[in-house]
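S.K.: Below you will find the structure I want to go over with you.
The values are calculated or read from the model by the stated rules, or taken from the named source; none is laboratory data. Please read these numbers as outputs of a predicted model, since none were measured by experiment. Every residue, glycine as well, gets a Cβ built from its backbone with ideal geometry; the counts of neighbours run over all protein chains shown. The area values use the complete protein model at the heavy-atom level, side chains included, leaving out ligands, DNA and RNA. Shrake-Rupley method; radii C 1.70, N 1.55, O 1.52, S 1.80 Å.
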Amino acid sequence: MKSSQVVPQKIYSLPELKKQIARLRLLRKTIAFTNGCFDILHQGHIYSLSEAAKEADYLIVGLNSDGSVRKLKGKHRPINGQDARANLLASLLIVDAVTIFEEDTPLELIKALLPDVLVKGGDYTTDQIAGAKVVIAAGGRVVINPILEGYSTSGIIEKISRL
């Protein structure tokens, strides 16, 4: 039987997460980082997170705060608050840690964590990915995974609004 008590333990503040990473590095574990809003969790998100999890021993998800989502997506977003979104992500077996960031991009978070692998989904180039240069300069790598077509939070919101 799985214990639901582990879910809140996977949601970290930055200082707590830095300590966890230090422990993992002592064990020679590799760290992957990905990020997003994850407003309404859907199959495309699961695919993207599953692909990211394959890249290292430990997957960290940087989650845009409510304020950050509003700046990026508009005043009617997010649909689900940051605590609910963090809990959903932390409940996934493929996610090892979740941390919330306030900025528009996770650049400062990436600088603080220095993951071995930075994973982004989409049709980006490395130059367009926040933190890519930092990770590469530290000896890490950047992985760009394809998006699972036909799944988006905006599409779900649109579909619901037509009901």
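S.K.: Just give me the residues in region 113-149 being outside any helix (DSSP H, G or I) and among the polar types (S, T, N, Q), in sequence order.
M.R.: Thr125, Asn145
S.K.: One residue is enough: does region 56-74 have a residue meeting the conditions at pLDDT below 95, more than 11 Å from Ile11 (Cβ to Cβ) and part of a loop (DSSP other than H, G, I, E, B)?
M.R.: yes
S.K.: Here is a further query. Which residues, counting only those in region 84-112, are among the hydrophobic types (A, V, I, L, M, F, W, C) and either part of a strand (DSSP E or B) or open to solvent by 10 Å² or more (accessible area, probe 1.4 Å) (or both)?
M.R.: Scanning region 84-112 gives Ala84, Leu88, Leu92, Leu93, Ile94, Ala97, Val98, Ile100, Phe101, Leu107, Leu109, Ala112.
S.K.: From the set of residues in region 22-50 that are over 12 Å from the mean Cα position of the chain (by Cα) and either in contact (Cβ under 8 Å) with a residue 60 or more places away in the chain or in a strand (DSSP E or B) (or both), which is surrounded by the fewest Cβ atoms within 10 Å (Cβ to Cβ)?
M.R.: Per the criteria, the residue is Gln43.
S.K.: Tell me, which residue of region 134-163 that is surrounded by 15 or more Cβ atoms within 10 Å (Cβ to Cβ) and not hydrophobic (A, V, I, L, M, F, W, C) is nearest to Lys18 (Cα to Cα)?
M.R.: Gly140
S.K.: Taking interchain pairs and intrachain pairs at least six residues apart, which have beta carbon atoms under 7 angstrom, with the first residue in region 136-163 and without any contact (Cβ under 8 Å) to a residue 40 or more places away in the chain and the second of a type in the set (S, T, N, Q)?
M.R.: If the second residue must be of a type in the set (S, T, N, Q), the pairs left are Val142/Thr126.
S.K.: Which numbered condition in (1) more than 13 Å from the chain's Cα centre (by Cα); (2) closer than 12 Å to Ala32 by Cα; (3) aliphatic (A, V, I, L, M) is the only one that Leu93 fails?
M.R.: With respect to (1) more than 13 Å from the chain's Cα centre (by Cα); (2) closer than 12 Å to Ala32 by Cα; (3) aliphatic (A, V, I, L, M), Leu93 is out only on (2).
S.K.: So, in region 57-80, of the ones that are of a type in the set (Gly, Ala, Ser) and more than 15 Å from the chain's Cα centre (by Cα), which residue ends up surrounded by the most Cβ atoms within 10 Å (Cβ to Cβ)? Break it down stepwise before answering.
M.R.: First pass over region 57-80, keeping only residues of a type in the set (Gly, Ala, Ser): 62, 65, 67-68, 74.
Next, only the ones that are more than 15 Å from the chain's Cα centre (by Cα) stay: 67, 74.
Working: Gly67: 13, Gly74: 10.
Here the residue is Gly67.
S.K.: Suppose we filter region 22-42 for residues that are in contact with a Pro (Cβ under 8 Å, 6 or more places away or on another chain) and farther than 17 Å from Arg141 by Cβ; how many remain?
M.R.: Counting residues in region 22-42 that are in contact with a Pro (Cβ under 8 Å, 6 or more places away or on another chain) and farther than 17 Å from Arg141 by Cβ gives 2.
S.K.: If you check every pair at least six apart or on different chains, which have Cβ atoms under 8 Å apart with a residue in region 60-84 that is under 21 Å from Lys18 (Cα atoms) and touching a residue at least 12 places away in the same chain (Cβ under 8 Å) first and a residue that is outside any loop (DSSP other than H, G, I, E, B) and among the small types (Gly, Ala, Ser) second?
M.R.: Close Cβ pairs satisfying both conditions: Ile60/Ala32; Ile60/Ala97; Val61/Gly36; Val61/Ala97; Gly62/Gly36; Leu63/Gly36; Leu63/Ala86; Asn64/Gly36.
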